[in-house]
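Step one of this worksheet: look at the structure below.
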Amino acid sequence: MWSYFYVPAERAAANGAGKRTSLTDGHVMKSMKPREGSQQSSSETKDLVVFDILCDSKCAECFQELWKGDFLFMEGQRPLCLSCADLDHLVYLPRGDTALTRRARKHSALSAVVVRFSRSRGRYERQGVLIEEPALERAEEECRAEPAERRAKRERDRLLRAKQDRDLTALMIERIIKLFPACPPEEARAIAAHTSVRGSGRVGRTSAGRALQEDALTAAVIAAIRHKHTPYDRLGCAVTAAGMHVTPSARRWIV
Ligand SMILES: [Zn+2]
């Protein structure tokens, strides 16, 4: 059902979606996973992908010019404007309000995920969704009707999670400095901040990482050294080769 998803990268690039990428990027894949329990698997038209284009293009059917920032839909190999793709009745809901988005998509028989290529990060990133207008209105009503105490609880939970994250990062900094006394504090701070990001799946978020176990934090430090103090980025996956070229300053952390 994800046939629209596998637009060849060069084709997407030709249509201004980006210069180099695979649409199978993990971030996008994750965000486009079919929702469990929905009837989506029976519908080919659910969760289509629409591109917020970076370069001008043209609809292959009506030849309308599509400018940077316009939405484009790929039907097989053909770029289409939303009218020709029969999607122009949908309204755009930018990302940001997750409760509203979740509800609106639930009520919308047809929806499309809008993605834009990030040149700096080299991947497609979700910008929002296109949904049916009545679904958005219904979702907005539901959100308004949500009891004030539930909204307050959600906000309290959010603040609590933020505090837990700050506390975890602070403990990790201490622990990294203890394990690697030669590691400069600002590097320890950067490593802890990076590895402890909630939802990142990084080693700092594993149970071992959150328990500040030596193995987990050592893995985080090694990953940081590999990225910042070796030619890893130039060598791509030739990690073993990169490992031979740790800069002298970073080598002092680990010996
Ligand atoms: Zn068109």
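Within the stretch 74-98, take every residue that is at pLDDT below 95 and of a type in the set (Gly, Ala, Ser) and give me the one that is nearest to GLU137 (Cα to Cα).
GLY96
Just to be sure, is ASP233 at pLDDT below 80, surrounded by fewer than 17 Cβ atoms within 10 Å (Cβ to Cβ) and not in a loop (DSSP other than H, G, I, E, B)? Steps first, please.
Values: at pLDDT below 80: yes; surrounded by fewer than 17 Cβ atoms within 10 Å (Cβ to Cβ): yes; not in a loop (DSSP other than H, G, I, E, B): yes.
Spelling it out, ASP233 is indeed at pLDDT below 80, surrounded by fewer than 17 Cβ atoms within 10 Å (Cβ to Cβ) and not in a loop (DSSP other than H, G, I, E, B).
State all residues of the stretch 100-141 that are within 29 Å of CYS55 (Cα to Cα) and touching a Pro at 6+ places or on another chain (Cβ under 8 Å); if no residue qualifies, say none. Let's see the steps before the verdict.
Pass one, the stretch 100-141, residues within 29 Å of CYS55 (Cα to Cα): 101, 105, 110-133.
If the condition is that a residue be within 29 Å of CYS55 (Cα to Cα) and touching a Pro at 6+ places or on another chain (Cβ under 8 Å), then GLN127, GLY128 are the ones that fit.
Return the residues of the stretch 75-92 that are more than 16 Å from the ligand (Cβ to nearest atom) and either under 19 Å from GLN64 (Cα atoms) or in contact with a Phe, Trp or Tyr (Cβ under 9 Å, 6 or more places away or on another chain) (or both); say none if nothing qualifies. Walk me through how you get there before you give the answer.
Taking the stretch 75-92 first, the residues more than 16 Å from the ligand (Cβ to nearest atom) are 91-92.
Matches in the stretch 75-92: TYR92 only.
Only one of these is buried (at least 16 other Cβ atoms within 10 Å of the Cβ), touching a residue at least 12 places away in the same chain (Cβ under 8 Å) and either within 15 Å of the ligand (Cβ to nearest atom) or on the phi < 0 side of the Ramachandran plot (or both): ARG119, ARG103, ARG95. Name it.
On the way: ARG119 fails: buried (at least 16 other Cβ atoms within 10 Å of the Cβ); ARG95 fails: buried (at least 16 other Cβ atoms within 10 Å of the Cβ).
Selected residue: ARG103, the only one of ARG119, ARG103, ARG95 that is buried (at least 16 other Cβ atoms within 10 Å of the Cβ), touching a residue at least 12 places away in the same chain (Cβ under 8 Å) and either within 15 Å of the ligand (Cβ to nearest atom) or on the phi < 0 side of the Ramachandran plot (or both).
Would you pick out the residues in the stretch 44-66 that are under 25 Å from LEU136 (Cβ atoms) and surrounded by fewer than 13 Cβ atoms within 10 Å (Cβ to Cβ)? Let's see the steps before the verdict.
Let us first name the residues in the stretch 44-66 that are under 25 Å from LEU136 (Cβ atoms), namely 44-53, 66.
Correct list: GLU44 only.
For the stretch 44-65, which residues satisfy the criterion of being within 13 Å of the ligand (Cβ to nearest atom) and within 19 Å of TYR124 (Cα to Cα)? First the steps, then the outcome.
We begin by selecting, within the stretch 44-65, every residue within 13 Å of the ligand (Cβ to nearest atom); these are 57-65.
The one that is within 13 Å of the ligand (Cβ to nearest atom) and within 19 Å of TYR124 (Cα to Cα): SER57.
With (1) surrounded by 12 or more Cβ atoms within 10 Å (Cβ to Cβ); (2) assigned to a helix (DSSP H, G or I) as the list, and PRO79 as the residue in question, which single condition is left unmet?
(2)
The values are calculated or read from the model by the stated rules, or taken from the named source; none is laboratory data. Note that this is a predicted model, so its numbers are computed, not measured. Cβ sites come from the backbone with ideal geometry, for glycine too, and all protein chains shown count toward neighbours.
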